[in-house]
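Take a look at the structure below.
The values are calculated or read from the model by the stated rules, or taken from the named source; none is laboratory data. None of the values given here were measured: they were computed from a predicted structure. Note: ideal-geometry Cβ built from the backbone for every residue, glycine included; neighbour counts use all protein chains shown.
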Amino acid sequence: MAGPASAYPTLRSPASIEDPSAPLAYNLLGFCYFTQGDYAKAAGYYQKASDLLPNNLVFAHDAAIAFDRASNPEQATVYAIRAVSSPAAGGEDHYLMGKLLANAGKAGDAIRELKTAVAQTPDLDGPYYLLARASMRMGDTAQATEWNARLTELKQKRERDHTLQKTTQKMNKAVPSSTLLKGAPITSEETEAP
């Protein structure tokens, strides 16, 4: 299988930075390298894409994740800030920003971002865990306990939903088809001749 390098000449075809396809080509190259585990190269291409289109949420988010995976928290934070500044920013963007802030030891700022993440996307596990951890760092054990309880509740709900789904699937397999579904004739006033 050819690696991302084989795609480089094709994706690099935008003649200039003014070419509207250039940011997408760079983002695709970033994706190729990211999936191969070369996070530093991926980050570089995602960075080019985001710098060419700084208002593009996806490009900024991708760059932030790649820089985080490449162990470059300073650059990751630059692009995470760009992502959360977008009007379309969602819970995952705020979670990433909160994670970076928590890892930088900025518990108060991390808590703000993580609470936003929970408000926007309440079914993400990560923000609850980091909120508990950041609360502990700030010495608020009661708040940490509450966040841990909410995480436990979320996991239990997910498990109940999964169990219900499996039970429903089993029941649907056990119910025999009706004769109507097997092709029995339909009789009604509309189908019978006068």
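Selection over segment 129-150 of residues that are aliphatic (A, V, I, L, M) and farther than 15 Å from Ala102 by Cβ gives a count of 2. Within segment 16-29, residues that are outside any helix (DSSP H, G or I) have Cβ atoms under 6 Å from residues that are modelled with pLDDT under 90 and surrounded by 12 or more Cβ atoms within 10 Å (Cβ to Cβ) in these pairs: Ser21/Pro14, counting only partners at least 6 apart in sequence or on another chain.
Could you list, in sequence order, the residues of segment 30-53 that are of a type in the set (D, E, K, R) and touching a residue at least 12 places away in the same chain (Cβ under 8 Å)?
Restricting attention to segment 30-53, the residues satisfying the condition of being of a type in the set (D, E, K, R) are 38, 41, 48, 51.
Asp38, Lys41, Lys48 - these are the residues of segment 30-53 that are of a type in the set (D, E, K, R) and touching a residue at least 12 places away in the same chain (Cβ under 8 Å).
Between Glu74, Glu146, the distinction of being at pLDDT 95 or above, assigned by TED's automatic domain parsing to the domain that holds Leu28, surrounded by fewer than 17 Cβ atoms within 10 Å (Cβ to Cβ) and not in a loop (DSSP other than H, G, I, E, B) belongs to Glu74 only. Considering (1) exposed (fewer than 15 other Cβ atoms within 10 Å of the Cβ); (2) touching a residue at least 24 places away in the same chain (Cβ under 8 Å); (3) in a helix (DSSP H, G or I); (4) acidic (Asp, Glu), the lone condition that Glu153 does not fulfil carries the number (2).
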